[in-house]
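A short reminder: the numbers here are calculations on the coordinates, not readings from a lab. Please read all numbers here as calculations on a predicted model, not as lab measurements. Note that each Cβ is placed from the backbone with ideal geometry, even for glycine, and that neighbours are counted across all protein chains shown.
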Amino acid sequence: MIFDDIVVACGSGGTVAGLSIGSWLSSLKAKVNAFCVCDDPEYFYEYAQSLLDGLDAKIRSSDIVSIQSAKGLGYAMNTSEELKFVKEIAETTGVILDPVYSGKAAYGMMKDMGENPKKWEGRKILFIHTGGLLGLFDKSDDVQASLVGGNRWRKMDINHSVPRKDGTGKMF
């Protein structure tokens, strides 16, 4: 399948720079749309440009990647709307997004689609989930607080010993 757009979170800039340059050099030619979760778009444009200049590519980074801010309150800090979005995506699709990287990028993409529908209309979009699920554990209390109906998530308690299968000794 050929995609018109690739959407990804941007934290350090490496993934975005690599995808942008790779798409530009290949026959894919998909526009990379990055949603940065820290710093500002200009920082990442400059980073990608330094790599392009090192390749003597003679192209501007802004020609091959679109970078928008999705950092919200800041790196690893979330609004209640972002946490609600992550929860709703998990409940409706089964896809678990972390609230630090992919969750902010998906939230930014959906927000941009709502604000600029013509930009996205009819386009084939590949969203790359970059992982980061461990970031969800740090936010579990915040996500839990946004759940309607109270306490639906439970943390595993490993503060007690668990008998081994053969009955001898303890696992913890």
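Each of SER26 and MET110 was given a label point 7 Å from its Cα along the Cα-to-Cβ line. The distance between the two points is 2.7 nm.
For ASN33, the residues whose amide H sits under 5 Å from its own are ILE6, VAL7, VAL8, SER66, ignoring neighbours fewer than 5 places away on the same chain, with H placed 1.01 Å from N. Taking Cα centre as origin and charging only the Cβ of basic (Lys, Arg, +1) and acidic (Asp, Glu, -1) residues, the dipole magnitude of the range 5-147 rounds to 520 debye. On the beta carbon distance between SER80 and TYR43, with R0 = 22 Å, the FRET formula returns roughly 0.20. Ordering 8-17, 51-60 by mean Cβ neighbour count within 10 Å, with the highest value first, yields 8-17, 51-60. Extending 7 Å from Cα along the Cβ direction at GLU88 and again at LEU134 yields two label points whose distance is 3.0 nm. Using the average count of surrounding beta-carbon atoms within 10 Å as a protection proxy, the listed peptides 20-26, 128-134, 31-37 rank, highest first, as 31-37, 20-26, 128-134. With R₀ fixed at 35 Å, the C-beta to C-beta distance from LEU73 to LYS118 puts the FRET efficiency at about 0.75.
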